[in-house]
1. Please report 56, 12 as a ranked list, fewest other C-beta atoms within 10 angstrom at the top and most at the bottom.
2. Taking the DSSP beta bridges in the chain as the whole, what percent of them are antiparallel, to the nearest 5?
3. Which FRET efficiency, nearest 0.05, do residue 4 and residue 75 yield, Cβ-Cβ r, R0 30 Å?
4. Test of understanding: what is the full-extension gain from residue 55 to residue 28, defined as 0.36 nm times their sequence separation minus their Cα-Cα distance?
5. Show me the three semi-axes of the equivalent ellipsoid for the chain, from the C-alpha gyration tensor (sqrt of 5 times each eigenvalue), largest first, rounded to whole Å.
6. In percent, how large is the relative contact order of the chain, given Cα pairs closer than 8 Å and 6 or more residues apart?
7. With axes computed from alpha carbons, what is the tilt in degrees of helix 34-49 against the longest principal axis of the chain, rounded to the nearest 10 within 0 to 90?
């Protein structure tokens, strides 16, 4: 099984803040702005992976974060 090169994150708009939920790891964070959310999710993922063997988690060395912004339907 090939190692994943990306960590997928879904971003959605909550009532008062943006919420980022990692699809590959048990990591969730929130922030008032998208810039702050970007910093928070990078930090949260970094803390979660600190000292872990990435290969045992199915991740390649130095994975990137792929974020998808969930928008409300227009129709």
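1. Fewest-to-most ranking of 56, 12: 56, 12.
2. The antiparallel fraction comes to roughly 55 percent.
3. 0.30
4. Between residue 55 and residue 28, full extension yields an extra 7.6 nm.
5. They are 25, 14, 9 Å, listed from largest to smallest.
6. Result for the chain is 40 percent.
7. Its long axis makes an angle of about 30 degrees.
Any read-out appearing in this document is the output of simple, stated calculations on the displayed coordinates, not a laboratory observation. In this text, all values refer to a predicted model and were calculated from it rather than measured experimentally. Cβ atoms come from the backbone with ideal geometry, glycine included; neighbour counts cover every protein chain shown.
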